[in-house]
Structures are given as structure tokens and as C-alpha cells.
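Remarks on the structure that follows.
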Amino acid sequence: MSQRPDLRQGDDGWCVQELQSRLNKNGYPVRQTHYFGPTTAGYVKQFQTKNRLPATGVVNSATWLKLLGGNAQETPAYTSNSQYYENRGPNHTNRVILSFDDCPRSHAAFKSTVDAAAALKMTVVLAPTGQCQAGRAFNAAYARSKGQIVIGHSMTHPNLRTLSDAQLLTQIDPASKAAGYMRPPYGSWDARVTRVMASQGVRMWAWTRDTGDWAGASQAQIVSYLSSTTRPGDTILAHMSWNAFNPSALSQIKDGLGKRGIGLCQAYVGKTAPAKLPNNLPC
């Protein structure tokens with residue numbers, strides 16, 4: 001244990017790589033970036049809470065002991081090819097896609113952000129649950145009319161890997177069926193889920209970079225993280241009820257990426273996005 005120092009947000013190096021590897025083995029799908037950012041911090045807090053440790057986000061000796069102690073949960077079983085294509089989805093370009101899950105706080109918040117994305121000439125991916133699609137805060141037709149992509153996020157947001165084949169079919173929400181793509185809740189899916197969904201014409205589209213907004217990251221933290229770490233071709237995960245889903249955040253993210261020469265997807269700027277998505281987006 002002496003070779004594993006206390007780690008906290010902002011650290012980097014091989015110890016952070018090992019931390020991220022151990023989190024993966026315990027069921028938390030953080031990417032091995034070697035950098036302890038807000039996403040890693042969020043998963044550390046989740047792990048600590050589950051294991052009845054103080055949820056400080058600091059990886060001390062007690063947290064290391066639990067991480068190394070074999071208390072593993074299920075982890076996604078990807079092949080390298082499926083991980084690449086299912087995480088990036090139908091974007092085969094070097095442009096970046098911003099995506100937002102779950103449900104907006106209100107219809108006004110939804111409309112102002114969708115309008116801002118159109119004005120900024122970017123195409124974002126919106127992945128509401130079936131429950132959200134049936135409510136008043138989200139309007140798929142309006143989003144598409146502004147050039148934005150709508151995919152599904154299951155009906156009720158379960159861990160797909162825990163469901164039977166028959167139960168999986170009941171989770172195909174209207175937007176998943178229409179678009180042919182579903183965002184897997186918790187980033188949890190495997191070859192069986194892929195096969196069952198594919199039998200109904202639905203593919204998985206996860207993400208390559210998590211903002212950590214769901215763990216309480218502020219807008220400034222999210223913008224800073226994405227501006228410094230995003231890579232060409234990334235699909236970025238954020239949520240419609242947190243701190244990146246607003247006009248100013250979209251503008252700041254676009255500016256931050258632009259300073260590094262990274263462009264955002266512009267697949268359907270100035271026109272209505274199709275409900276059914278192609279297998280290769282014209283980003």
C-alpha cells in the first residue's frame with residue numbers, strides 16, 4: 001500500500017491509471033485517462049458510499065483497500081471493436097458530439113438550450129427516457145426541427161444487463177425505435193444486450209467522455225475539463241437537468257474547443273434532423 005499514495009482531483013500519472021482500472025473492475029466505467037478529473041471523482045464517491053466509507057472523493061488507504069479487496073460488481077464486457085463503435089456511435093469524423101441524457105428541468109430550459117444550439121450552429125444529441133418523452137418538458141419534434149438529434153435512453157432507466165431478453169424489449173422507448181439508437185443507462189450493456197436490441201433495429205450509442213455533471217460538477221468545472229481534455233471524435237456525456245445544459249455552457253464549450261482547433265458536430269445545421277439516423281453522421 002505504500003506505493004499507492006492518497007489521490008484527489010487534479011492528480012495524474014500511473015497511480016491514477018491504476019485507480020481508474022480498479023474502478024472499472026468494480027463496475028464503474030471510467031476511461032483510463034491517467035487524469036483524476038470530475039468524472040473519476042464522481043465514481044470514487046459512488047464507490048465510497050457503496051462501501052460505507054466517507055464519500056470525500058479522496059482515495060486514501062481505506063479506499064485503496066476496498067478497491068483492491070475483490071468486492072467487484074459486474075463490469076461491461078466489450079470487445080475492442082464494439083467498444084469503439086458503440087461508444088462513438090455513428091460519428092466517424094473528427095468532430096465532437098455533445099450529448100445530454102435524461103430530462104430537462106422545464107420546457108423553457110429545454111427550448112432555450114435547443115434554440116441556442118441551433119444559433120451556435122451545432123448539432124447535439126438528446127437522449128430522454130421514455131418517461132420524459134411522455135411528459136411536457138421535452139419535445140422531440142421541436143428538437144429535430146432545430147437540427148438536433150433525438151435518440152432514446154430506455155423507458156425507465158434500468159441497468160440493461162440485469163434484465164431478461166423479454167424485459168429488454170420492453171425498454172425500447174419511442175425515440176430509440178424511431179432513431180435506431182439507444183443510450184444505455186449507466187453505460188451498462190454487453191454483447192447480449194447488443195444482440196437483443198439489434199434484433200429490433202436498435203443500436204447502442206454510449207459515450208467516450210463523461211463530464212461528471214451528475215456528480216455535482218459546476219459549469220466552470222465542466223467547461224474547463226472539456227476544453228482541456230476533449231479529443232477529436234469524442235461523444236461527450238452530460239445531462240439535461242445539470243450544469244452544462246444551458247446556452248452559456250454550450251457557447252463556452254464551443255469556444256474552449258475551438259481554441260484547440262476542435263469542432264463540434266454540425267450534421268443538421270439549418271434543417272430538420274431525421275428521426276431515423278444514418279449509420280454515418282455527416283458531422
Residues of the stretch 146-168 satisfying the condition of being open to solvent by 10 Å² or more (accessible area, probe 1.4 Å) and either of a type in the set (Ser, Thr, Tyr) or farther than 23 Å from Arg88 by Cα (or both): Thr156, Thr162, Leu163, Ser164, Asp165, Ala166, Gln167
Single residue of the stretch 226-283 satisfying the filter (in a helix (DSSP H, G or I) and at pLDDT below 95) that is least open to solvent (accessible area, probe 1.4 Å): Leu226
Test: residue in the stretch 31-50 that is modelled with pLDDT of 75 or more, open to solvent by less than 50 Å² (accessible area, probe 1.4 Å) and in a loop (DSSP other than H, G, I, E, B): yes
Condition met for Ser218 (open to solvent by 10 Å² or more (accessible area, probe 1.4 Å), in contact with a Lys or Arg (Cβ under 8 Å, 6 or more places away or on another chain) and touching a residue at least 24 places away in the same chain (Cβ under 8 Å)): no
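A quick yes/no check of all residues on (1) closer than 25 Å to Gln133 by Cβ; (2) small (Gly, Ala, Ser):
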{"site": "Ala220", "(1), (2)": "no, yes"}
{"site": "His239", "(1), (2)": "yes, no"}
{"site": "Gln252", "(1), (2)": "no, no"}
{"site": "Gly256", "(1), (2)": "no, yes"}
{"site": "Ile262", "(1), (2)": "no, no"}
Within the stretch 8-30, tally of residues that are part of a loop (DSSP other than H, G, I, E, B) and more than 24 Å from Pro185 (Cα to Cα): 5
In the stretch 1-28, the residues that are at pLDDT 85 or above and on the phi < 0 side of the Ramachandran plot: Leu7, Arg8, Gln9, Leu19, Gln20, Leu23, Tyr28
Helices (runs of 4 or more DSSP H) wholly inside the stretch 161-202 that include at least 3 residues being modelled with pLDDT under 95 and under 20 Å from the mean Cα position of the chain (by Cα): 191-198
Residue in the stretch 65-77 that is at pLDDT 75 or above, surrounded by 17 or more Cβ atoms within 10 Å (Cβ to Cβ) and either not acidic (Asp, Glu) or not in a helix (DSSP H, G or I) (or both) present: yes
Condition met for Ala206 (open to solvent by less than 10 Å² (accessible area, probe 1.4 Å) and either over 28 Å from Ser112 (Cα atoms) or of a type in the set (Gly, Ala, Ser) (or both)): yes
His153 vs. criteria under 25 Å from Asn24 (Cβ atoms) and modelled with pLDDT of 95 or more: yes
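The values are calculated or read from the model by the stated rules, or taken from the named source; none is laboratory data. The shown structure was predicted, so the numbers you read here are calculated from the model rather than taken from an experiment. FYI the Cβ positions are ideal-geometry reconstructions off the backbone, even for glycines, and counts take in every protein chain you see. SASA here: full protein model, heavy atoms, side chains in, ligands and nucleic acids out. Shrake-Rupley method; radii C 1.70, N 1.55, O 1.52, S 1.80 Å.
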